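Take a look at the structure below.
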Amino acid sequence: MPRVVADSSIAWDESALVVIDQRALPHELRQLRISTVDELIEAITTLAIRGAPAIGVSGAFGVVLAAFAHPGDADKVASEAARISSSRPTAVNLAWGVRRALGKLPQGPQAVLAEALEILAEDARVNRSAAGHAADVIQRLCPDRPLRILTHCNAGRLATTSFGTAIGAIRVLHDRGQLRDVLVDETRPLLQGARLTAWELAEAGIPHRLTIDSAAAWAMATGQVDCVIVGADRIAADGSVANKIGTYGVALAARRHAIPFVVVAPESTRDLATRTGREIVVEERAAPEITHFSGVAVAPLGVAVFNPAFDVTPADLVTAIVTENGVVGPALD
């Protein structure tokens with residue numbers, strides 16, 4: 001089985017997709033071998049695979065699995081592709097990856113596989129380019145000092161396929177000697193910051209501290225944050241940014257304290273067909289994610305639950321959106 005540990009999270013092994021099972025981290029570095037569309041959908045919906053770029057690449061390989069399972073049956077492959085696309089509604093990359101791979105179906109399953117492999121290779125190049133541009137932007141916004149950065153959720157190699165977007169920029173700043181430390185929001189309710197981002201930063205030898213989500217504003221108020229950097233799951237045409245729940249509150253606090261708020265994502269996350277943030281469908285997830293912790297009930301039985309997986313940050317709270325093409329919005333002064 002190919003290793004997907006060294007700066008990558010996804011690999012293709014002849015007839016199966018091999019991924020890091022993000023549910024097991026930080027306690028166990030475990031791989032999943034996915035050979036059917038049903039297995040892929042389960043991995044995506046249960047967050048074994050998560051992060052907009054990662055599920056986009058995985059969605060493309062899901063079409064590969066369908067194409068080889070149903071050769072010559074374009075309708076069945078299209079039906080399976082639709083199931084994959086609908087497994088998580090907010091991140092636009094999933095439908096993007098599925099659509100790209102499906103477009104090669106008339107040329108046969110091998111052509112679909114070739115396209116998925118190209119998407120996989122592209123992701124690594126895109127991440128490094130976007131991360132470099134974002135590091136440049138952050139140094140321009142916060143010059144002449146080692147930086148204290150706050151990040152929310154996980155936008156590293158686990159959320160992509162290699163290197164990362166927001167965490168990639170942090171890695172670049174660290175390599176340049178321009179990083180003092182990173183404040184990592186825990187990211188309730190599923191603790192992607194605590195479980196995944198802290199694990200990635202420790203693996204990379206980057207100094208960091210973990211904090212509860214509700215401490216982010218106070219960290220800013222007490223002068224412990226120079227810049228906020230996050231990833232994105234969908235960016236609307238008006239510059240509104242859908243990202244993990246809690247991002248909007250972090251952006252509001254950053255604006256209150258005149259701290260730059262930078263979003264780093266691939267171009268595939270920009271959805272110009274969605275005109276405004278109000279049109280973004282925000283996924284709501286199951287109640288046990290917040291009524292239970294590690295399988296133990298922490299809320300009264302039968303309590304009503306509001307559990308959005310994402311929120312939408314308006315464009316006027318965003319200092320810069322950075323992709324592999326550089327700053328794409330808003331314009332910096």
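Charging the Cβ of each Asp and Glu at -1 and of each Lys and Arg at +1, and nothing else, the dipole of the chain about its Cα centre rounds to 500 debye.
Counting Cα-Cα pairs of the chain in 10 Å increments starting at 0 gives whole-percent bin shares of 6, 27, 35, 22, 8, 1, 0. With R₀ fixed at 30 Å, the C-beta to C-beta distance from residue 38 to residue 110 puts the FRET efficiency at about 0.85. Distance between the 7 Å Cα→Cβ label points at residue 79 and residue 23: 2.7 nm.
Can you give the FRET efficiency to the nearest 0.05 for residue 202 and residue 299, using r as the Cβ-Cβ distance and R₀ = 30 Å? With R0 = 30 Å, the Cβ-Cβ based efficiency is 0.45.
With respect to the chain, whose longest principal axis is taken over its alpha-carbon atoms, helix 109-141 is tilted by about 10°.
Rg over Rh for region 141-222 works out to 0.96, both radii taken from alpha-carbon positions and Rh defined as the Kirkwood radius. Taking packing as the residue-averaged number of other Cβ atoms within 10 angstrom, the listed peptides 147-160, 177-190, 234-247, 296-309 run from highest to lowest as 147-160, 234-247, 177-190, 296-309. Stretching residue 69 away from residue 284 to a fully extended chain increases their span by 74.2 nm, per 0.36 nm per residue minus the current alpha-carbon distance.
As a rough guide to protection, the peptides 62-75, 277-290 ranked by mean Cβ packing within 10 Å, highest first, stand as 62-75, 277-290. Only Cα pairs under 8 Å and 6+ residues apart enter the sum, and on that basis the relative contact order of region 10-123 stands at 24 percent.
Put simply, the Cα atoms of region 131-329 extend 53, 38, 34 Å along their principal axes, the longest span coming first.
Within region 10-123, the proportion of Cα pairs with more than 18 Å between them is 42 percent. Across region 142-149, coupling constants 3J(HN,Hα) worked out from phi with the 6.51/-1.76/1.60 Karplus curve, θ = phi - 60°, read 10, x, 6, 6, x, 9, 10, 10 Hz, and Gly and Pro carry x.
In terms of packing, defined here as the mean over residues of other Cβ atoms within 10 angstrom, the peptides 132-144, 89-101 line up highest first as 89-101, 132-144.
Bear in mind that the values in this text are calculations on the coordinates, not laboratory data. Quick caveat: nothing in here was measured; it's all calculated off a predicted structure. All Cβ positions, even for glycine, are placed from backbone atoms using ideal geometry, and neighbour counts span all protein chains on display.
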